[in-house]
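Participant: Here it is, the structure in full.
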Amino acid sequence: MQIKLLSDQLISQIAAGEVVERPASALKELLENSVDAGSTQIQVALQQGGTKLLKVTDNGHGIAKDELALALTRHATSKIQSLEDLEQVGSLGFRGEALASIASISRTVITSRQQAASHAWQISAEGAHGQPVSPAALDAGTIVEVHDLYFNTPARRKFLKTENTEFGHCEDAFTRIALSRSNIGFLLQHNGKAVMRLAANTPQQRITDVLGNEFASQSVWLDEESAGLRLWGMTASPTYQRHSRDTQYVFVNGRFVRDKLIAHAIKQAYQDVLHGDKHPAFVLFLELDPSLVDVNVHPAKTEVRFRESQAVHRFIFHSLHKALGKTSAEIQASQPVQAPFNPFTPSFTMPREQVEMPLQNRSVFDNGYQTNQISNGTALAQQFYGQLYGGLQPADTAANIAGDYIAENYLNPSSISEAVLAPEQAPLPQEYPLGFALGQLHGIYILAQNAQGMVVVDMHAAHERIMYERLKNALSERAIATQPLLIPISFHAEKIEVATLQSLNGSDTLQQLGFDLATLSPTTIAIRAIPTMLQDADAVALARAVLRDLNEYGASRVLLERQNEILGTMACHAAVRANRQLTITEMNALLRDMEITERSGQCNHGRPTWFQVSLNDLDKMFMRGQ
C-alpha cells in the first residue's frame, strides 16, 4: 500500500463526519455563526427534519463579496488569528470547518450583504464544486440554505432516523442556542409551520418561554460570584424531579456543554434532597475568564477542560447547595405575596427575630422547664415539643410563640386546642409562608391555610428533615450532646452487630454521633447513652440501625463520605410517627420550624414534605365562576 495525499473533497467529507453528524449538527453550526455575527433576529426554516432543507436567516453584519468564497474553504475564519486568540476564544465558532464541511455533503447557497454594501452577493456549491459569486437581492444580513443534506454520501444518509426524530434533534439544538442568547429574537419553522417564536427578553422570561411556567414556578433563581467565577440561572426545586435528563442545560461562557465535572458538582448539591433515581432540572450559566477554560477539546465543541477544575467544582457545588438550602421564609422574602384583606382577621405581627431565629442557636434537649399554662392544649403542645426538641426556653419555642398568639388574640383560648379555627379567624401574616394549621388528616397530614390557599404537610417527612438538619449542624460543630441513661438498656444482638461494635474499639465514631454502646456478652449489647435530641426514639431500634449503617459503610468512611446516610437514619427514627394526634398548637409549631429549616421542602430521602394548593385550583375543582 502506498501513502498518498487525500483529495480536498475527501478531506472535507471526513471532517463533515466529525462536525455534521446529523441535520441538527449543521443547524447548531449555522446558528453559532449567526450569533457570532451580532444578529438580533434569527429565523430557522426546516423541511423534512432538516434533511431536505435547512435555512437560517439572520440580520448580522454579513460577509463581504471577496470573502464569500473563503467562507466555503476549510480552516478559513474571521474569529481567531493566532494561538493567543485560541487560548481565550470568546466566540462560539472558531475552527473554520463548519461551512466547508456542510457544503461538501450538500447543495449549499449563501446570500449575504453587509450594511454598507450596495447590494447582496451570492455563492453556491454542490459538493466540492463551487460556483462564481453573483449579485443578489437581500437586506443586511446572511441567508444560508442547505439543500439535500448527504446527497453525495448515501452511507451517511441511510443512518438518519425518521423525520420526526431528526426534527426533534434540530429543535433541541435550536432550544440550546435560544436559551443562551435571550437578547436575540428567534423563529423556528418546520414544513412551513411556525413551531417556536421567541421575542428578545430577559433571561428569566426566556427560560420561562422555552421551558414553561411549571418549571419557572418551581425553580429558584441564583446568582453567585466568587474569585472570578459567576454562576447564575434557574434550578428547579427537588419536587420538580424528572425521569430523564431532558431539562438539564449548562452553559460555559454562553456555550452549551456536557461536562462530567460540572455534572458531578450538581449531583452532589442535590444528593440529599432528590428522591431515588430521579433527575434534577436546571438552566445554569457559568462565566469565567476564557483563558481558564479550553473549549478546543472536541470537534462538536460540547466538551471543555478547566485549568482549575477543583475550584470550579467547589464553587458550583456551594452555589447550588446554598440556593437549594433556602428556607421557606427566605424564598417567601424573595417572592413576596400580599395577603388579601380580611376584616375578620385579628391584627397581629410576630417579631421577625423570633420567626427567623437560626436553628443552630436553639439550645439542645432539656425537658425540665416549666411553663405557664395558657390552656390545657397549649401546655400539652409545649410538653410535646419539649420531648421532640427539648431544652428550648419557653420564650424561644415555636409552641410558646403560638400559645402567646392565641392568648393575645382570642377571648377563649382554651378551646383552640380542641377546635379547628374557622377560615375567617385564621391569620395570614406575610411572615408565615406555610400559614396556620386548620387540622389533621388521618394522623398523617397537616392542613394549613396561607395567603395563597391551602398547604398540605406530611408531618413525619417534615419533622424528619428538621431533625436531619439539626443533626448535621450539631455534627459539623462537634456538638451532638449525649444523654446518659440512668439505667442502661441491654438487648439481644446479632453476631454481626456485636462484631461491628467490637471493630469500633479505639474509634470515637460512636461518641461523635452521641452514642455510648458496650458489649456485655457475645450476644448482648448495652446502650449507656444516646443523642440528647433523640432520647424519645426507640433506643434499641436506633442503636441497631446505626450499627447496621456502620457495618455497611465502614466506620472510617461514615463521618466523611457517608455522613448524610447515617444522620438520615437517626433522623428517621427520631421523627414523629404517623397516627400521632397533634393539637393545633403543635401543628403550628411544626410549621414554624419548617419555615426556618434549610431544605425543608424535602425529607432526607428526597420526598416532598408539603404541597401548596392555590385558591384558583380549589375554585376550578368546584367550578366556581364557571
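The values are calculated or read from the model by the stated rules, or taken from the named source; none is laboratory data. Just so it is clear, the model here is predicted, and its values are computed rather than measured. Cβ sites come from the backbone with ideal geometry, for glycine too, and all protein chains shown count toward neighbours.
Participant: Restricting attention to the range 140-160, which residues are of a type outside the set (A, V, I, L, M, F, W, C) and either at pLDDT 90 or above or under 19 Å from residue 66 (Cβ atoms) (or both)? So that I can check it myself, show each step before the final result.
Facilitator: In the first step, residues of the range 140-160 are kept if they are of a type outside the set (A, V, I, L, M, F, W, C); the result is 141-142, 145, 147-148, 150, 152-154, 156-158.
Scanning the range 140-160 gives 141, 142, 145, 147, 148.
Participant: When you scan the range 189-229, how many residues do you find that are part of a strand (DSSP E or B) and either small (Gly, Ala, Ser) or farther than 30 Å from residue 311 by Cα (or both)? So that I can check it myself, show each step before the final result.
Facilitator: Taking the range 189-229 as the starting set, the residues that turn out to be part of a strand (DSSP E or B) are 189-190, 193-198, 219-226, 229.
Still in the list and also either small (Gly, Ala, Ser) or farther than 30 Å from residue 311 by Cα (or both): 189-190, 193-198, 219, 226.
Residues flagged as part of a strand (DSSP E or B) and either small (Gly, Ala, Ser) or farther than 30 Å from residue 311 by Cα (or both) within the range 189-229 amount to 10.
Participant: Okay, moving on. Any idea how many residues of the range 567-584 are in a loop (DSSP other than H, G, I, E, B) and surrounded by 16 or more Cβ atoms within 10 Å (Cβ to Cβ)? Walk me through it before giving the result.
Facilitator: Within the range 567-584, the first condition is being in a loop (DSSP other than H, G, I, E, B), and the residues that meet it are 575-583.
Subset that is surrounded by 16 or more Cβ atoms within 10 Å (Cβ to Cβ): 575-576, 582-583.
Counting residues in the range 567-584 that are in a loop (DSSP other than H, G, I, E, B) and surrounded by 16 or more Cβ atoms within 10 Å (Cβ to Cβ) gives 4.
Matching residues to (1) within 17 Å of the chain's Cα centre (by Cα); (2) not hydrophobic (A, V, I, L, M, F, W, C):
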site: 237; (1), (2): yes, yes
site: 247; (1), (2): yes, yes
site: 255; (1), (2): no, yes
site: 259; (1), (2): yes, yes
site: 263; (1), (2): yes, no
site: 268; (1), (2): yes, yes
site: 273; (1), (2): yes, no
site: 289; (1), (2): no, yes
site: 296; (1), (2): no, yes
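Participant: Which condition from (1) under 20 Å from residue 273 (Cβ atoms); (2) at pLDDT 85 or above; (3) out of contact with any Ser or Thr (no Cβ under 6 Å at 6 or more places or on another chain) is the one that residue 588 breaks?
Facilitator: (1)
Participant: Inspect the range 585-595 for any residue being of a type outside the set (Ser, Thr, Tyr), touching a Gly at 6+ places or on another chain (Cβ under 8 Å), surrounded by fewer than 18 Cβ atoms within 10 Å (Cβ to Cβ) and under 14 Å from residue 445 (Cβ atoms) and give the result as yes or no.
Facilitator: Scanning the range 585-595 turns up no residue that is of a type outside the set (Ser, Thr, Tyr), touching a Gly at 6+ places or on another chain (Cβ under 8 Å), surrounded by fewer than 18 Cβ atoms within 10 Å (Cβ to Cβ) and under 14 Å from residue 445 (Cβ atoms).
Participant: For residue 211, are the conditions met, namely being farther than 16 Å from residue 248 by Cα and either within 18 Å of the chain's Cα centre (by Cα) or surrounded by 15 or more Cβ atoms within 10 Å (Cβ to Cβ) (or both)?
Facilitator: Details: farther than 16 Å from residue 248 by Cα: no; either within 18 Å of the chain's Cα centre (by Cα) or surrounded by 15 or more Cβ atoms within 10 Å (Cβ to Cβ) (or both): yes.
Considered against the rule, which asks whether it is farther than 16 Å from residue 248 by Cα and either within 18 Å of the chain's Cα centre (by Cα) or surrounded by 15 or more Cβ atoms within 10 Å (Cβ to Cβ) (or both), residue 211 comes out as no.
Participant: How about the range 505-552: which of its residues are more than 38 Å from the chain's Cα centre (by Cα) and assigned to a loop (DSSP other than H, G, I, E, B)?
Facilitator: 505, 506, 522, 523
Participant: Output the qualifying pairs, or none if there are none: Cβ atoms under 9 angstrom, residues six or more apart or on different chains, first residue in the range 155-183 and crowded, with 20+ Cβ neighbours inside 10 Å, second residue of a type in the set (Val, Ile, Thr) and in a helix (DSSP H, G or I).
Facilitator: So the pair list comes out as 177/35; 178/210; 179/207; 179/210; 180/35; 181/35; 182/207.
Participant: Next up: Identify, please: which residue in the range 606-626 is exposed (fewer than 13 other Cβ atoms within 10 Å of the Cβ) and more than 27 Å from the chain's Cα centre (by Cα) and is, among those, nearest to residue 577 (Cα to Cα)?
Facilitator: Here the residue is 618.
Participant: Here's a follow-up. Looking at 537, 589, which is the one that is hydrophobic (A, V, I, L, M, F, W, C) and not assigned by TED's automatic domain parsing to the domain that holds residue 455?
Facilitator: Values: 589 fails: not assigned by TED's automatic domain parsing to the domain that holds residue 455.
One residue alone meets the criteria, 537.
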